[in-house]
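The values are calculated or read from the model by the stated rules, or taken from the named source; none is laboratory data. Small disclaimer: the values here were computed from a predicted structure and weren't measured. Here Cβ is always computed from backbone atoms with ideal geometry, including for glycine, and neighbour counts include all displayed protein chains.
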Amino acid sequence: MLRLLLTRHGLTEWNVEQRHQGDTDVPLNDTGRNQAKALARRLAQEKVDIIYTSDLSRARETAQEVARLKPVPLYADKRLRELAFGEWQGLTHDQIVQRDPELWQAWLNDRMNNCAPGGETLAEFAERTRSLLTELIAKHQDQTALLVAHGGNVSVMLCLLLNLSPQSYWQFRVRNTSLSELLLYDKGAIIQYLNDTHHLRLEQPACH
């Protein structure tokens, strides 16, 4: 059995502005750094044997905060990068629709086979995600692995592990530095919890 902890990076300015980040290397903002610290304090009390992170700075910085309090091996892996949105990166939803209305509709209709100009399809994204999961399951039996990645990665991993189509990924909400836990057995995955952010709520000052 592999115990898998999944988290998304902390907040960035592009998150705030609702811009598509994709594999653009956008750093955490101050709120994101505080979220990463809160996540690290929570995980300091958890069993973690190894950490894998996207090599993009917003995920890597989040993972490094955890590693400061949980000194275990930390590996960056490009397969944990967010879905590449090509020429749509840096744009908001409205800007994309205005610029490429037909391509955007094609993407909505069939994300597995269509993509942004210069981007990658959901099928390509799912395949590199599946490759990583297969490797982790083989390498880390009877261990706990923390994966620090992006919203798209976490959602697609949930689909793959639960035998859902990757096209269902939009049905999983993944908040910044939320934590999800799954137990991976030969016959399938058991969800312990999803999108848990109670460590962020604990950081909020009490109201009087």
* Asked: Just a yes or no: is a residue in segment 141-163 over 30 Å from V48 (Cα atoms), hydrophobic (A, V, I, L, M, F, W, C) and in a helix (DSSP H, G or I)?
  -> no
* To do: Please state which of the following conditions E135 fails to meet, knowing it meets all the rest: (1) assigned to a helix (DSSP H, G or I); (2) within 14 Å of the chain's Cα centre (by Cα); (3) not basic (K, R).
  => (2)
* To do: Could you list, in sequence order, all residues of segment 1-30 that are under 21 Å from I51 (Cα atoms) and of a type in the set (K, R)?
  => R3, R8
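Among the residues of segment 43-55, are any on the phi > 0 side of the Ramachandran plot, part of a loop (DSSP other than H, G, I, E, B) and either modelled with pLDDT of 95 or more or in contact with a strand residue (DSSP E or B) (Cβ under 6 Å, 6 or more places away or on another chain) (or both)? Lay out the reasoning, then the answer.
Initially, segment 43-55 is screened for residues on the phi > 0 side of the Ramachandran plot, giving none.
Among the residues of segment 43-55, not one is on the phi > 0 side of the Ramachandran plot, part of a loop (DSSP other than H, G, I, E, B) and either modelled with pLDDT of 95 or more or in contact with a strand residue (DSSP E or B) (Cβ under 6 Å, 6 or more places away or on another chain) (or both), which makes the answer no.
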* Just to be sure, is Q95 within 30 Å of R33 (Cβ to Cβ) and at pLDDT 95 or above? -> yes
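Do you know which residues across segment 175-188 are of a type outside the set (S, T, Y), touching a residue at least 60 places away in the same chain (Cβ under 8 Å) and outside any loop (DSSP other than H, G, I, E, B)? Give the derivation first.
Residues of segment 175-188 that are of a type outside the set (S, T, Y), as a first pass: 175-176, 179, 181-184, 186-188.
Restricting the remaining residues to those that are touching a residue at least 60 places away in the same chain (Cβ under 8 Å) gives 175-176, 179, 181-184.
The answer is L179, E181, L182, L183, L184.
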* Asked: If you scan segment 68-92, which residues turn out to be surrounded by 19 or more Cβ atoms within 10 Å (Cβ to Cβ), of a type in the set (A, V, I, L, M) and not in a loop (DSSP other than H, G, I, E, B)?
  -> L80
* To do: Mind listing whichever residues of segment 128-160 are without any contact (Cβ under 8 Å) to a residue 60 or more places away in the chain, out of contact with any Lys or Arg (no Cβ under 9 Å at 6 or more places or on another chain) and buried (at least 16 other Cβ atoms within 10 Å of the Cβ)?
  => R130, L133, C159
* Candidate set from segment 26-48 (those that are charged (D, E, K, R) and loosely packed, with under 14 Cβ neighbours inside 10 Å); member that is farthest from T177 (Cα to Cα) -> K47
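When you check K47 against the structure, is it under 24 Å from K139 (Cα atoms) and out of contact with any Phe, Trp or Tyr (no Cβ under 7 Å at 6 or more places or on another chain), yes or no?
On the way: under 24 Å from K139 (Cα atoms): yes; out of contact with any Phe, Trp or Tyr (no Cβ under 7 Å at 6 or more places or on another chain): yes.
Spelling it out, K47 is indeed under 24 Å from K139 (Cα atoms) and out of contact with any Phe, Trp or Tyr (no Cβ under 7 Å at 6 or more places or on another chain).
Can you confirm whether segment 93-104 contains a residue that is buried (at least 16 other Cβ atoms within 10 Å of the Cβ) and in contact (Cβ under 8 Å) with a residue 24 or more places away in the chain? Talk me through it step by step, then tell me what you get.
As a first pass, look at segment 93-104 and keep what is buried (at least 16 other Cβ atoms within 10 Å of the Cβ): 96, 100, 103-104.
Then drop every residue that is not in contact (Cβ under 8 Å) with a residue 24 or more places away in the chain, which leaves 96.
For segment 93-104, residues buried (at least 16 other Cβ atoms within 10 Å of the Cβ) and in contact (Cβ under 8 Å) with a residue 24 or more places away in the chain: present.
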